[in-house]
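As structure tokens, the structure follows; a few thoughts come after it.
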Amino acid sequence: MDKILSSVDGSIGTLTFNNPERHNAMSLDMWRAAAAVLERFELDAAVRVIVLTGAGGKAFVSGADISKFESERDTLDAVAEYNVAVDRFGQILGECSKPTIAMIRGYCLGGGVGIAVCCDLRIANDASRYAVPAAKLGLGYGYANVRRIMALVGPQFVTEMLLTARQFDAAQAARIGLVNHVVPDGEIETYVRDLAETIAGNAPLTIRAVKRIVRELRRDDPDVAACDALVRQCFESADYREGRQAFLEKRKPVFRGI
């Protein structure tokens, strides 16, 4: 059974973590396969929005597959190899030029939180649960992951999450800013689909510029010149002319990303 699934429907690419018997816990091979899917989506001009979700309806990702620790993380060298795969996936996801949406059902734990906070938007069902249980396992939770979570929830809540290792429910996650919206489970697929289609219909160059600016704002030494160049490209684009013309003609614009 393939534990990472991918599909493209119109302008939306979907990556599915498919290990439901272990609540979509991640193995080394899954991290590598998921990174390869994201790279394909990044290169596919037809894909304008990427949705990440978990199979089975009971979990987004429940963290690392602990059953594989003895084979995949039993030595320092093995831990380093595993971490390279995790970091590479996080870098590809975090630097993706296309909007990314985490559709979260059920458990979102450990590495699942790490994946979710790399996405641009997080839409959750009302049964979702969040935790970083590293302190219960003796694991180190790295700088990049802590920084991403803190950018969303602030130092007070990231500290509570990591020190207590306890679970937050969906309402708490929304209150502290960890997720964008909480919707009933029966409505989440339609909600995410509508959201993705709305984003996909907007100007790709504007979206690329916004994503880069937000990413640079999180850095200690932001590349303002690169951001300014992307904004200039928007104003010089055919899409900008199309947007103005469509507004005047009272019609929906057709953006091509040029």
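Quick notes on this structure:
- Condition met for I101 (assigned to a strand (DSSP E or B), in the same structural domain as R166 (by TED's automatic domain parsing) and touching a His at 6+ places or on another chain (Cβ under 8 Å)): no
- When the residues of segment 80-95 are filtered to those that are in contact with a helix residue (DSSP H, G or I) (Cβ under 6 Å, 6 or more places away or on another chain), closer than 23 Å to A200 by Cα and surrounded by fewer than 20 Cβ atoms within 10 Å (Cβ to Cβ), the one that is modelled with the lowest pLDDT is G94.
- Residues located in segment 6-39, provided they are surrounded by 16 or more Cβ atoms within 10 Å (Cβ to Cβ), part of a strand (DSSP E or B) and either of a type outside the set (A, V, I, L, M, F, W, C) or not assigned by TED's automatic domain parsing to the domain that holds G54 (or both): S6, G13, T14, T16
- Note on segment 215-238: among residues that are closer than 29 Å to Q91 by Cα and among the acidic types (D, E), the one that is surrounded by the fewest Cβ atoms within 10 Å (Cβ to Cβ) is D220.
- The combined condition, being within 25 Å of D185 (Cα to Cα) and either of a type in the set (S, T, N, Q) or within 18 Å of the chain's Cα centre (by Cα) (or both), is fulfilled by A34.
- Restricted to segment 126-204, the set of helices (runs of 4 or more DSSP H) holding at least 1 residues that are in contact with an Asp or Glu (Cβ under 9 Å, 6 or more places away or on another chain) comprises 143-164, 170-176, 185-200.
The values are calculated or read from the model by the stated rules, or taken from the named source; none is laboratory data. Not measured: the values here are computed from a predicted model. Cβ atoms come from the backbone with ideal geometry, glycine included; neighbour counts cover every protein chain shown.
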